[in-house]
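A quick write-up on the structure given underneath.
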Amino acid sequence: MLEAYCDILSVEEACEALRIGANQAYDLLNSGKLKGYRQGRVWKIPKQALIEYIVEQSKIKL
């Protein structure tokens with residue numbers, strides 16, 4: 001699914017993988033819905049966190 005990406009993604013790479021804009025990605029990171037960490041002012045997103053977010057969002061909500 002995300003084999004083309006390294007183990008740690010930038011916000012830009014996460015946006016590309018999720019097909020969302022940067023503002024939405026920062027909203028997800030700041031709300032904690034997408035797990036990541038900051039190195040200085042730069043967000044880093046583990047690939048596993050991106051996979052977990054995709055799986056969680058794909059669950060059918062009744």
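Read-outs throughout are calculated quantities, based only on the coordinates presented, and are distinct from any laboratory measurement. Just so it is clear, the structure is predicted and the values come from calculations on it, not from any experiment. Note: ideal-geometry Cβ built from the backbone for every residue, glycine included; neighbour counts use all protein chains shown.
Okay, here's what the table says:
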quantity	calculated
Extended-chain gain in nm, criterion 0.36 nm per residue less alpha-carbon gap, Gln39 and Gln24	3.4 nm
Neighbour-count order for Glu13, Glu56, Glu3, fewest beta carbons within 10 angstrom listed first	Glu3, Glu56, Glu13
Sorted by Cβ neighbour density within 10 Å, fewest at the top, the residues Ser58, Ser10	Ser58, Ser10
Extension gain, Ile8 back to Ile54 (0.36 nm per residue minus Cα-Cα distance, nm)	15.0 nm
